[in-house]
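Structure, as structure tokens:
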């Protein structure tokens, strides 16, 4: 049984949003609980090492989104029914090549870094990290694919399966008498859970039909879409993950583990951000195609207002519960917990606004503008981290992220006003 065609009656935006939010509830909940368990099982130093590997995989996912997922979300809804089998064939080959090449690059990078002082621990996890990267990003590809092709319920099922599997596996290790958890095992459990997502994703993928000329055409359209997004994504990765990695290099893995543990708590605020990243690009493309530019702008404004209200409520709630979660559950002692949480929350709110602005730009395929805007955010967040890391310690990371997001939004508003 194949999935629903893009050209069959489309699911309502509300239904798609509900499935997307449900999926992110599962993902955010799993990440939150997993972080609590892993901090206690690994200790701060090894959790900091695990954080570096996980952030590396997330950086690769940013490029997956740029090269594969975002173009698919923008272009697939515009294709006719006859072209679907050929496009499915193209995007599967294209995505698979990405998984393999990115995993090879990560393996080589880990091998090189393992010879440096302080990074010897990478030697034992190089292959594991490469495999985990391939399976994690492949699972993410299938999840987004089913959202684009109007099967958000099955996309949710993929997320449900892989997240519950990961949480169950970590819990099993927690209950073992010797508690043998280490970075390699944590990565293996992540890979194992995402393997289930890949298996499920292939089951209902749909019919394939390879057309050489169509393949060339789609490659050109994807490249046209992505060519300015690639440097923009590199800058965005510097902005999003750079402060954390730079802070870890300056202050060490234990300090990084503390900051990452607190950030994992505020990642609950990413529910609307992550949900929108999955469903908004394809919805925006359909809104523009069916209702025009004005309706699209009104729709994005409503999304921004509703999501902002939700995040503000979340920030206030987490700030009131910070001592219970950080001190009692994670067993961490940090005098600046509330301040760090508030700045991470502010960064999340600004990141949401940035994302909605970016959706508007790449719905109109104005990806060059995203590159120009991201320059400001990346440079300022990196500079702020170097300047503030030793002075403000843990607080420096969320402050740097907040400064970067704010500068990107300011650049967008300036260029948009100048254009109009």
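FYI, it's all coordinate maths here, none of it is from the lab. From a predicted model like this one, the values you see are computed outputs, not experimental measurements. Cβ: placed from backbone, ideal geometry, glycine included. Neighbour counts: every protein chain shown.
Hey, any idea what Rg/Rh is for the range 310-389, computing Rh the Kirkwood way over Cα pairs?
In the range 310-389, Rg relative to Rh is 1.11.
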(message) Using only Cα atoms and rounding to the nearest 10 degrees, what angle (0 to 90) does helix 212-226 make with the longest principal axis of the chain?
(response) 50
(message) With angles folded into 0 to 90 degrees, how steeply does helix 253-266 sit against the dominant principal axis of the chain? Use alpha carbons for both and round to 10.
(response) 50
(message) Helix-only mean residue ellipticity at 222 nm, the chain, DSSP H runs n ≥ 4 weighted -39,500 (n - 2.57), per residue, nearest 500. What is it?
(response) -28000 deg cm²/dmol
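Using a ≥ b ≥ c from the Cα gyration tensor of the range 152-247 (square roots of the eigenvalues), is it rounded, prolate or oblate, where a/c under 1.5 gives rounded and otherwise the larger of a/b and b/c decides, a/b for prolate?
In terms of gyration-tensor shape, oblate.
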(request) For helix 126-148, report the angle its Cα long axis makes with the longest principal axis of the Cα atoms of the chain; keep it between 0 and 90° and round to the nearest 10°. (result) 40
(request) Just check the range 1-155 against the gyration tensor rule for me: Cα atoms, a ≥ b ≥ c as the square roots of the eigenvalues, rounded for a/c under 1.5, and otherwise prolate or oblate depending on whether a/b exceeds b/c. (result) oblate
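Relative contact order of the range 9-226: what whole-number percent is it, with Cα pairs under 8 angstrom and at least 6 residues apart?
The normalised contact order for the range 9-226 reaches 33 percent.
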(message) Tell me whether the range 64-181 comes out rounded, prolate or oblate; compute the Cα gyration tensor, take square roots of the eigenvalues as a ≥ b ≥ c, and use a/c under 1.5 as the rounded threshold.
(response) oblate
(message) With 10 angstrom as the radius, rank 247, 289 by how many other C-beta atoms surround their C-beta, starting from the fewest.
(response) 289, 247
(request) Take the Cα radius of gyration of the chain and divide it by 2.2 N^0.38 Å, with N its residue count; two decimals is plenty. (result) 0.96
(request) First obtain the Kirkwood hydrodynamic radius of the range 227-415 from its Cα pairs, then insert it into the Stokes-Einstein equation at 37 °C and 0.692 mPa s, and state the resulting D in µm² per second as a whole number. (result) 191
(request) For the chain, calculate the relative contact order in percent as a whole number, restricting contacts to Cα pairs under 8 Å that are 6 or more residues apart. (result) 24
(request) Would you look at the GNM of the chain, springs on alpha carbons closer than 10 Å, and say which of 117, 270, 133 moves the most? (result) 117
